[in-house]
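Since the structure comes first, as structure tokens, the remarks are kept for the end.
The values are calculated or read from the model by the stated rules, or taken from the named source; none is laboratory data. Since this is a predicted model, take the numbers as computed values, not measurements. Note: ideal-geometry Cβ built from the backbone for every residue, glycine included; neighbour counts use all protein chains shown.
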């Protein structure tokens, strides 16, 4: 992955030598000691690629990423690129042809900065999935942007903590479009930001495929279409002059990527120098036999990393500029990539959501009742009742409740709302004063419900996608930012297809991943074809969290999260005690408090932040 940064003064005042040096020094540690630069009229654009910025007659661009539909774009935009068919040139031509909205034509993982000389405005944008990081800070006189958060936060905010970010972290596990530092933001996925002397505003260029609908006469057509799209999703991510590293857990998502890569390599469709799989192991894992079967079936080199040796969370591994779980494991992955010479890492992220891995998707019966097919709706309700081992009246009642106006205020940290016997602690320990000040009980507190216009039976699908994208959960963790960190299941044509086919094609009563299983049977080894369950890392999480909970209980001085007024101490103490004894404590939310506490503590040690 390349890195980009820049600074623009709206009144065109020249940058000082100190400001220029700060931006260029922010690339320290990126493997490019002398980044390319372009400076004029109060503007500095810099990039680790010596061929960038790309300069045209009326605009300049820095581009980080990969464009997957290059052939199509060259046909449409050929008259604008003057034979310079680089990704940067194509991206700039897409902007020149259609403005910010024209960026929707770029399929791939990317972020960019464009200086539009004619309009005297800066444009920052990120692909629809938010895979490539891009941060910015703006004030009346200037705007500054960077791929890297740490130097930007240090220069822009003095590292002052943003309470909005903390509130969302503790309620949702992440915060849309914000960072831990006041005044420093993340460019929203699928949006472009326009900054000039008169305005700084954000506009949408990609919309959810809420109203798209694909219907085929034969189910085999759905399967063929899925195979074609998935093949393209994997193939475009294998076009690399260096070896490619790919996660392979033994689950269906990452394993399907490895199996498709194997087919592409064997057929000669791609010429990747090497494809290396990466397996995470832990004691008692149910994935082990599937991992072994895949390793034998594929024949790729496989590297094993132990989660016991690289813990989920420790006192000294909590992230740097951002709070981060599994930092030790990410650093080990970076070491493996360096060892094998890989510049890309493929993951199975988003696979569950995209491929319809729903234990309970009984809301889909609403499509039948809403279209007047009541008898068929009752039959499907009975099928879901039998599959879920729950009364049919509960299936019907829950489905009908989906017709109520949607709310986006629910926490992401709670238990699975699909269970008719919902039990477990929902205690979050947030201090009452902080809750009131941040208005945490307000409806739609953090973001408007972009998924609200979806049909009631599909709202949870679109909601899950929106939450994954707007919180930028697909962007690389800091130790892996130098890699092309990418996810075949985030391939936009695949996403748009899978969210446009009927819900009952994706998943049926007792048939999670219904379409995926039918389409991919020929890809998998026999052992994988019969896999129904999925291993959990819950025990791995608790093994690292319990000692930390005990350490916090023994701490003589007040905790940072308490001193700052975020958390109520009595409630937190009770929950930490529960965790040390492996008792119910709303562990998903408590782990966020523990992470924040140790990150804040480590931050005091690290200050002042340096590039």
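Brief remarks follow.
- Scanning the stretch 352-383 for residues that are assigned to a helix (DSSP H, G or I), farther than 18 Å from residue 500 by Cβ and under 31 Å from the mean Cα position of the chain (by Cα) yields 352, 362, 365.
- The one condition in (1) assigned to a strand (DSSP E or B); (2) in contact with a helix residue (DSSP H, G or I) (Cβ under 7 Å, 6 or more places away or on another chain) that residue 229 fails to fulfil: (1)
- Residue match in the stretch 405-412 (condition: part of a helix (DSSP H, G or I), in contact with a helix residue (DSSP H, G or I) (Cβ under 7 Å, 6 or more places away or on another chain), at pLDDT below 95 and under 24 Å from residue 499 (Cα atoms)): no
- Screening residue 236 against (1) surrounded by fewer than 17 Cβ atoms within 10 Å (Cβ to Cβ); (2) outside any loop (DSSP other than H, G, I, E, B) leaves a single unmet condition, (1).
- The stretch 39-52 residues that are in the same structural domain as residue 85 (by TED's automatic domain parsing), paired with ones that are surrounded by fewer than 15 Cβ atoms within 10 Å (Cβ to Cβ) (beta carbon under 7 Å, 6 or more apart): 41/12; 42/11; 42/12; 42/13; 42/14
Residue by residue, here is whether (1) outside any helix (DSSP H, G or I); (2) over 24 Å from residue 1 (Cβ atoms); (3) modelled with pLDDT of 95 or more holds:
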site: 210; (1), (2), (3): yes, yes, no
site: 214; (1), (2), (3): yes, yes, no
site: 222; (1), (2), (3): no, yes, yes
site: 250; (1), (2), (3): yes, yes, no
site: 257; (1), (2), (3): no, no, yes
site: 265; (1), (2), (3): no, no, no
site: 280; (1), (2), (3): yes, no, no
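- Screening the stretch 1-31 for residues that are in a loop (DSSP other than H, G, I, E, B) and surrounded by 16 or more Cβ atoms within 10 Å (Cβ to Cβ) and picking the one that is farthest from the chain's Cα centre (by Cα) gives 15.
- When residues of the stretch 53-69 are limited to those that are in contact with a strand residue (DSSP E or B) (Cβ under 8 Å, 6 or more places away or on another chain) and over 17 Å from residue 132 (Cα atoms), the one modelled with the lowest pLDDT: 58
- Residue 56 vs. criteria farther than 23 Å from residue 208 by Cα and in contact with a helix residue (DSSP H, G or I) (Cβ under 8 Å, 6 or more places away or on another chain): yes
- Apart from one condition, residue 142 fits all of (1) surrounded by fewer than 18 Cβ atoms within 10 Å (Cβ to Cβ); (2) on the phi < 0 side of the Ramachandran plot; the exception is (1).
- Restricting the stretch 308-365 to residues that are free of Cβ contacts under 8 Å to residues at least 40 places away in the same chain and in contact with a strand residue (DSSP E or B) (Cβ under 6 Å, 6 or more places away or on another chain), the residue that is nearest to residue 66 (Cα to Cα): 332
- Of the residues making up the stretch 485-508, none is assigned to a helix (DSSP H, G or I), outside the structural domain of residue 261 (by TED's automatic domain parsing), under 14 Å from the mean Cα position of the chain (by Cα) and touching a residue at least 60 places away in the same chain (Cβ under 8 Å).
- When 588, 525 are checked against the criterion of being under 19 Å from residue 428 (Cβ atoms), surrounded by fewer than 17 Cβ atoms within 10 Å (Cβ to Cβ) and not assigned by TED's automatic domain parsing to the domain that holds residue 165, 588 stands alone in meeting it.
- Flag for residue 553 being in a helix (DSSP H, G or I), on the phi < 0 side of the Ramachandran plot and touching a helix residue (DSSP H, G or I) at 6+ places or on another chain (Cβ under 6 Å): yes
- Filtering 576, 596 for residues that are surrounded by 15 or more Cβ atoms within 10 Å (Cβ to Cβ), under 19 Å from residue 315 (Cα atoms) and touching a residue at least 40 places away in the same chain (Cβ under 8 Å) leaves a single hit, 596.
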